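Quick notes on the structure that follows.
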Amino acid sequence: MASEVLTSIPLSSLKRISQGKVRDLFSLPDGDQPTLLFVTSDRISAYDVILKNGVPTKGVILTLLSAKWFEVLSSSVPGLKHHFLHLGPPATSGLSQDEQQMLRGRSMTVRRLKIFPIEAIVRGYVTGSAWAEYEKTQTIHGLPQPAGLKRCERLPKPIYTPSTKAELGDKDINISPDEARGIVGDKYAARIEELALACYNAGAAYAEERGIIIADTKFEFGLDEETDEIYLVDEVLTPDSSRFWSKADYQIGREQDSFDKQVLRNWLTDNGLKGKPDVEMPPEVVEKTKARYTEVFKLMTGNSLEEALHKLR
């Protein structure tokens, strides 16, 4: 099994250029194109706060699942471009054997792009913050919705509901598509929305065949400033960025059986810890969350995590 990385990624051979809630980005030696090493830790966040402890193997699950999704979406969304080049660092990276072992399964080499400062959220079902808003106003991100929707009900069609992309330590804010247009500009807003909806629809169809409902998810996009082309970036359709429900157990009007970090969110809420800093998960919450991530990985990819890692050798 891959080594566990619960804190900052300890790489001395490469320059760290940023650290997010879960990922560290490192610059790579110049090649044919500017690239980054995208490394996913086992850190976990909820309600925009990083927990003190993490979920072992989570970073490997997110990385290998994202790699699978880049492959799936490339073949099902016409014209889609993405930043993923290959798993692991390039041979020219100069990493030590210990560093390469630590990165096994949890790193990927990606194109270096200018990232649009919004989260491109797509919702297929009314749940989470969308349900909280709908109950009060019959809107979602300010967009009017049909009357009479019930909790976790499927929307007539998926909707694009972006948010701001906050700096580390700040909170994302739900915004309307018009507000997102004001942030990214008219030139790119329509294409980002089109790609986000197309990726959601393709991903939802693939997942449903495997017994999973994708209730909602977030995408991120970047710009190649030389070609003026938009790319899908970051992680894609993982338990960190999406709500995954069991199709077999789905029932309208109640909370659903989730294959994501809902176990953690529920524990935080039930214990009055939502949004509080310096919170440590008890072992049972760590294990339940890990089990959910591991299960959905196998359902989506057809391989256990051990099988997927063995294929990397």
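The values are calculated or read from the model by the stated rules, or taken from the named source; none is laboratory data. Keep in mind it's a predicted model, so treat the numbers as computed, not measured. With ideal geometry, Cβ positions are generated from the backbone for all residues, glycine too; neighbour counts draw on all protein chains shown. Keep in mind that these areas ignore ligands, DNA and RNA; they rest on the heavy atoms of the full protein, side chains included. Shrake-Rupley method; radii C 1.70, N 1.55, O 1.52, S 1.80 Å.
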Ordering Glu280, Glu153, Glu220, Glu209 by the accessible surface of their heavy atoms, 1.4 Å probe, largest first, yields Glu209, Glu280, Glu153, Glu220
Let me know the charge dipole size of the stretch 1-132 about its Cα centre in debye, to the nearest 20, where only the beta-carbon of Lys, Arg (+1) and Asp, Glu (-1) is charged. 260 debye
Amide H neighbours of Phe116 under 5 Å, at least 5 residues apart or on other chains, H built in the peptide plane: list them. Phe221, Gly222, Leu223
For the chain, what are the DSSP H helices with axial Cα length of 30 Å or more and mean Kyte-Doolittle hydropathy of at least -0.5? 186-208
What percent of all Cα-Cα pairs in the stretch 76-127 falls into each 10 Å bin, going from 0 up to the bin containing the maximum distance? 17, 33, 28, 17, 4
How far apart, in nm, are two points set 7 Å out from the Cα along the Cα-to-Cβ line at Lys114 and at Ser12? 3.7 nm
Take the Cα pairs of the chain, get the Kirkwood Rh, then feed it into Stokes-Einstein at 25 °C and 0.890 mPa s and tell me D in µm²/s. 122 µm²/s
With the dipole of the stretch 49-181 defined by +1 on each Lys or Arg Cβ and -1 on each Asp or Glu Cβ, the option from Ala130, Gln100, Pro144 whose Cα lies farthest towards the positive pole is Gln100
Name the residue farthest towards the positive end of the dipole of the chain from the options Phe70, Pro56, Ser258, assuming +1 on Cβ of Lys and Arg, -1 on Cβ of Asp and Glu, about the Cα centre. Ser258
Reduced to Cα centres, the span from the stretch 124-191 to the stretch 43-61 in Å works out to 25 Å
Considering only protein heavy atoms, what per residue accessible area in square angstrom results for the chain with a 1.4 angstrom probe? 46 Å²
What part of the accessible area of the stretch 117-221, given as a whole %, is carbon or sulfur when the probe is 1.4 angstrom? 51 percent
Once amide H atoms are built 1.01 Å from N in the peptide plane, which residues 5 or more positions from Gly88, or in another chain, come under 5 Å H to H? Ser107, Met108, Thr109
Work out the P(r) tail for the stretch 145-280: percent of alpha carbon pairs separated by more than 18 Å, whole number. 65 percent
Report, to the nearest whole %, how much of the accessible area of the stretch 37-111 belongs to carbon and sulfur atoms, 1.4 Å probe, protein only. 50 percent
Two-site label geometry, Ile252 and Thr92: point separation in nm, points 7 Å out along Cα→Cβ: 5.7 nm
For the stretch 83-222, what's the relative contact order in percent, using C-alpha pairs closer than 8 Å and at least 6 residues apart? 28 percent
For Thr35, which sequence-distant residues (separation of 5 or more, or a different chain) have an amide H within less than 5 Å of its own amide H, given hydrogens modelled in the peptide plane? Leu28, Arg112
Quickly rank 267-279, 234-246 as a protection proxy: mean count of other C-beta atoms within 10 Å, highest first. 234-246, 267-279
Expected 222 nm ellipticity per residue - DSSP helices of 4 or more, -39500 (n - 2.57), all of the chain, to 500: -10000 deg cm²/dmol
